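Take a look at the structure set out below.
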Amino acid sequence: MVRLPFSAAGSQQRQILICLAALAALLLAGVLPLALLRLWQSSPLSDRTTPPRSLAPAPPAQAIWRSPLRRQCHAIDPALVQRLRHLQHTLPQHTRRLRIDPSNYGSRHPRDAYGQPVAHTPQLVVLHETVYGLNSAINTFTTHHPNDADQVSYHTLIGEKGQIVQALDPSHRAFGAGYSAFRGRWAVTNAAMAGSVNNFALHLSLETPLDGEDSDPHHSGYSSAQYDAMAVVLADWMRRFDIPADHITTHRHVDLGLERADPRSFNWQALQVRLAALGVLC
Ligand SMILES: [Zn+2]
């Protein structure tokens, strides 16, 4: 047996003690926070903070959407069919494409703020009106807006003369509606904010006539050229994204804040005959 010198034996003991202390510290570092977290989660105080939730809250109840559009396979005006077909064929040349400021739109999220899969392809069309002129809307969309409250966009604008302006490709999420839902569905993509239909919606806005630049409930309505152009854009979206006619709705309907009235003075019959002429209501 070899006797270690006193100093060597003391050094070995110290090393063992250091190892034991390090092991204890590691155990405490792993176990103690977990134990404290469990204790906190079971305490009533934890409800006052943001508890980890697995599901987004459901939207509040809203009025039932009954689409004014109905199935129509007959009684279609051949002259209207010819006019709209021509517009349909020249749609790419007639479409003005904008490059709007990135602060005014976002990406479609495949998962919500709670990590759950969420609808993120176009499944719904929301109709709006600009209230002010087409150029005013274009200026707003192309301006940088650092504050969330000022950020706004639609996918497509239809001018009073039937001009088609694509502000945003359908693959992007337009900021067209705030606090909103459709048939009990919304997407909560930011846990600090209320849900919205934007993640699965396409937004189309009609230029308001001059007599509508106010908050009156009615104005003189939209032009025949606007209904033509809108119908051609909608028929294209319905076919490309398999959107049924009863999923064409209004900002007024989806708005849960009950503040929006647009599009005012909208003529559903004018849209009905055009969509029927384009063969998407049969
Ligand atoms: Zn609107």
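Filtered by the rule that a residue be of a type outside the set (Gly, Ala, Ser) and within 13 Å of the ligand (Cβ to nearest atom), segment 186-201 gives Val197, Asn198.
Inclusion of Ser153 among residues that are within 16 Å of the ligand (Cβ to nearest atom) and under 29 Å from Leu278 (Cβ atoms) is warranted.
Can you tell me how many residues within segment 153-163 are buried (at least 19 other Cβ atoms within 10 Å of the Cβ) and of a type outside the set (Gly, Ala, Ser)? So the count comes out to 5. Listed by first and then second residue, the pairs with beta-carbon distance under 6 Å, at least 6 apart or on different chains, first residue in segment 92-112 and farther than 15 Å from Val152 by Cα, second exposed (fewer than 12 other Cβ atoms within 10 Å of the Cβ) and at pLDDT 95 or above, are Arg111/Pro117.
Per-residue answers, yes or no, for (1) assigned to a strand (DSSP E or B); (2) closer than 28 Å to Asp242 by Cα; (3) of a type in the set (Gly, Ala, Ser); (4) assigned by TED's automatic domain parsing to the domain that holds Ser107:
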position: Asp169; (1), (2), (3), (4): no, yes, no, yes
position: Arg173; (1), (2), (3), (4): yes, yes, no, yes
position: Ala192; (1), (2), (3), (4): no, no, yes, yes
position: Asn199; (1), (2), (3), (4): no, yes, no, yes
position: Ser205; (1), (2), (3), (4): yes, yes, yes, yes
position: Thr208; (1), (2), (3), (4): no, no, no, yes
position: Ser215; (1), (2), (3), (4): no, no, yes, yes
position: His218; (1), (2), (3), (4): no, no, no, yes
position: Tyr222; (1), (2), (3), (4): no, yes, no, yes
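Candidates are the residues of segment 247-270 that are over 14 Å from Trp186 (Cβ atoms) and acidic (Asp, Glu); the one that is nearest to the ligand (Cβ to nearest atom) is Asp262. The set of residues in segment 235-259 being free of Cβ contacts under 8 Å to residues at least 12 places away in the same chain and part of a helix (DSSP H, G or I) consists of Arg252 alone.
The values are calculated or read from the model by the stated rules, or taken from the named source; none is laboratory data. Just so you know, these numbers come straight off a predicted model, no measurement behind them. For neighbour counting, all protein chains shown are included, and Cβ atoms are generated from backbone atoms with ideal geometry for every residue, glycine included.
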